[in-house]
Amino acid sequence: MLHKKGSWVKNSILVIIQQTSTDVLFYLFLNMSKRIFIPLLLLLIPAIGMNLTDQINWSIFDFITMGSLLLLVGIGINFVLHKKVKNRSLYIGLIILIFMLLWAELALGVFGSPFAGS
């Protein structure tokens, strides 16, 4: 079968463009994942503190609970940052406020709910 002159160049360019766009999408996905998981680095603070002093006593359940809260905060903030909304800072502040209230309730039992810490 005879091909038109230059058609292999056109096909090669299309393959390169397709591969490049796939790489770009994969890179963007990895960047999004990294941004979501960065708040989980805050869990290193109590982990290191537990090795330095006996006053910090977290169980594995505490790490899982705080990790899931931090992950949800990261996902929520990432979602707000990528949407075109007028009051981004308001929504991000609301997400952080809800996180802080949940954190205070779980750690200290500020509101006296049944799932508060001891």
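Structure notes:
- Checking each residue in the stretch 43-55 for being more than 19 Å from the chain's Cα centre (by Cα) and either part of a helix (DSSP H, G or I) or closer than 24 Å to residue 96 by Cα (or both) picks out 46, 47, 48, 49, 50, 51, 52.
- For the stretch 59-118, residues that are part of a helix (DSSP H, G or I), touching a Gly at 6+ places or on another chain (Cβ under 7 Å) and either modelled with pLDDT of 90 or more or among the small types (Gly, Ala, Ser) (or both) total 2.
The values are calculated or read from the model by the stated rules, or taken from the named source; none is laboratory data. Note that this is a predicted model, so its numbers are computed, not measured. No Cβ is skipped: glycine too gets one built from the backbone with ideal geometry, and neighbour counts run over all protein chains shown.
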